[in-house]
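The values are calculated or read from the model by the stated rules, or taken from the named source; none is laboratory data. Just so you know, these numbers come straight off a predicted model, no measurement behind them. Note that each Cβ is placed from the backbone with ideal geometry, even for glycine, and that neighbours are counted across all protein chains shown.
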Amino acid sequence: MEIDGIIGRIATNLEHLKQYTATPGEGCTRLPFTKEARDAVNYLTTIMKEAGMQVREDAAGNVIGVLEGKNPEAPCVMMGSHYDSVINGGDFDGIAGVVCGIEVARQLRDSGIMQDRNFVVVGFCDEEGMRFGTGYFGSGAMLGDRDVEYCKSFKDKDGVSIYDAMVEYGLVPEKIREAAWAEGSIGQFLELHIEQGPVLDTENVEIGLVEGIVGIQRYQVTVHGRADHAGTTPMDMRMDAVDAATKVISKIPDWAREKADGTVATTGYIRTIPGGMNIVAERVEFTVDIRSMNNDNINDIANRIRAALEREVKAMGGSYEINAKLEITPVFLSKEMLSRMEEGCKKHGYSYKYLPSGAGHDSLEIGQVIPTAMLFVPSRDGRSHCPVEFTKYSEFAKATVIITELAMQLLSE
Ligand code: GLV
Ligand code: MN
Ligand code: MN
């Protein structure tokens, strides 16, 4: 494989895709079912075709490229990641894995050997869950886990449902089930992603072999109190939604720390309504995101949140709702495929390290049912989900070489 060519194409494609952001100059904001998403999908379609693939968009907004093998009916080898981003995120999270997957396909095509099975590259729609507070929409749909009811249930901050956003984007939510792949049709799944943390960069390691990915639960909570005058309502005669909500929120980080095993819990969004300095808040909305490699820890923290809400909101005299937006159990990735890639790293003299992922990925969803392996490349200073996110193109190229060699082995078995 000609590494300079690989580096050059990865650079060209990622530099091009950078422009598809709703916040130019302030990082990548490419939310699902928007113009930026459509532009990125169009570009990915073009470069997938150039790499020799047949391309289509499925009913969930995933873009799918197929490099046909001799036996197209056999279970395929699939590689992919997501093309959406968080708000003001970086230029590499997700999309780099799609671009590198397309490069793997190109290498397979250029090898001149027709593989036995199909190699499929997917750009997944809405992995982040940024817009609707959910996550893994495209990968979930591929596994048959998303339906019309789901699309109608979740709304963005402007009240637009997934359903309405899909229609506006040109998709037909009623057909969402058509995005599901038949059982047994995907043989293996591979993903290349930036680490998004500091371990590889700090230790000067070139490749991360991802052993497992944390389980995640996400909740949207609303606490209802009563709006009153901040100056005239005595402290024992008010129903202050902020008072009750913050008594719960402030305990959540300690419950995660107590686990002392890498469990994390985050309240990343809080809104008070009506939001006036001199008004007792009538309502507080907040989110909770809990992650761990141990699902019991996630359940325990979620239960403690429910119990604390019950107690504090009752004491305040109001009411609350807690809605689950995502519940996904931790996943352990394929030791067999990881050890083959370890051999690849040794062969090329690339330094490597086994590590778990605290970030969620499409592999978390797909890996629940399909043998899955994932590689990380270093993130400079561990920064991600922010505009300064950076990885050298040469690092992507090394991981691309390792995955290409694994794909070649798998496709001929
Ligand atoms: C996605 O990057 C997540 O881990 O939330
Ligand atoms: Mn992300
Ligand atoms: Mn990602």
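A compact table of results
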{"read-out": "Scan of the range 1-16 for residues that are exposed (fewer than 13 other Cβ atoms within 10 Å of the Cβ) and either in contact with a helix residue (DSSP H, G or I) (Cβ under 7 Å, 6 or more places away or on another chain) or in a helix (DSSP H, G or I) (or both), ordered by number", "value": "Asp4, Glu15"}
{"read-out": "Selected residue (only one of Leu355, Leu309 is closer than 22 Å to Ala256 by Cα, away from ligand 2 (no atom under 16 Å from the Cβ) and outside any helix (DSSP H, G or I))", "value": "Leu355"}
{"read-out": "Total residues in the range 250-280, condition surrounded by 14 or more Cβ atoms within 10 Å (Cβ to Cβ) and over 18 Å from Ile216 (Cα atoms)", "value": "6"}
{"read-out": "Residue ID - surrounded by the most Cβ atoms within 10 Å (Cβ to Cβ), chosen from residues in the range 231-246 that are over 22 Å from Gly268 (Cβ atoms) and either in contact with a helix residue (DSSP H, G or I) (Cβ under 7 Å, 6 or more places away or on another chain) or β-branched (Val, Ile, Thr) (or both)", "value": "Asp240"}
{"read-out": "Of residues in the range 252-286 being under 26 Å from the mean Cα position of the chain (by Cα) and either among the charged types (D, E, K, R) or not assigned by TED's automatic domain parsing to the domain that holds Arg238 (or both), the one farthest from Asn299 (Cα to Cα)", "value": "Arg271"}
{"read-out": "Residue within the range 183-203 that is away from ligand 3 (no atom under 16 Å from the Cβ), within 30 Å of Ser412 (Cα to Cα) and among the hydroxyl-bearing types (Ser, Thr, Tyr) present", "value": "yes"}
{"read-out": "Flag for Gly65 being small (Gly, Ala, Ser), at pLDDT 95 or above and assigned to a loop (DSSP other than H, G, I, E, B)", "value": "no"}
{"read-out": "Selection count, the range 234-249, where residues are closer than 19 Å to Tyr219 by Cα and touching a residue at least 40 places away in the same chain (Cβ under 8 Å)", "value": "6"}
{"read-out": "The range 112-138, subset assigned to a loop (DSSP other than H, G, I, E, B) and away from ligand 1 (no atom under 16 Å from the Cβ), residue surrounded by the fewest Cβ atoms within 10 Å (Cβ to Cβ)", "value": "Gly112"}
{"read-out": "Selected residue [more than 28 Å from Asp228 (Cβ to Cβ) and touching an Asp or Glu at 6+ places or on another chain (Cβ under 9 Å)] from Ile290, Ile273, Ile298", "value": "Ile298"}
{"read-out": "Among the candidates Leu411, Leu375, Leu364, residue that is in contact (Cβ under 8 Å) with a residue 12 or more places away in the chain and within 30 Å of Asp254 (Cα to Cα)", "value": "Leu364"}
{"read-out": "Criterion: more than 16 Å from ligand 2 (Cβ to nearest atom), touching a strand residue (DSSP E or B) at 6+ places or on another chain (Cβ under 6 Å), outside the structural domain of Ala324 (by TED's automatic domain parsing) and farther than 20 Å from His361 by Cα - qualifying residue of Gln107, Gln54, Gln115, Gln19", "value": "Gln54"}
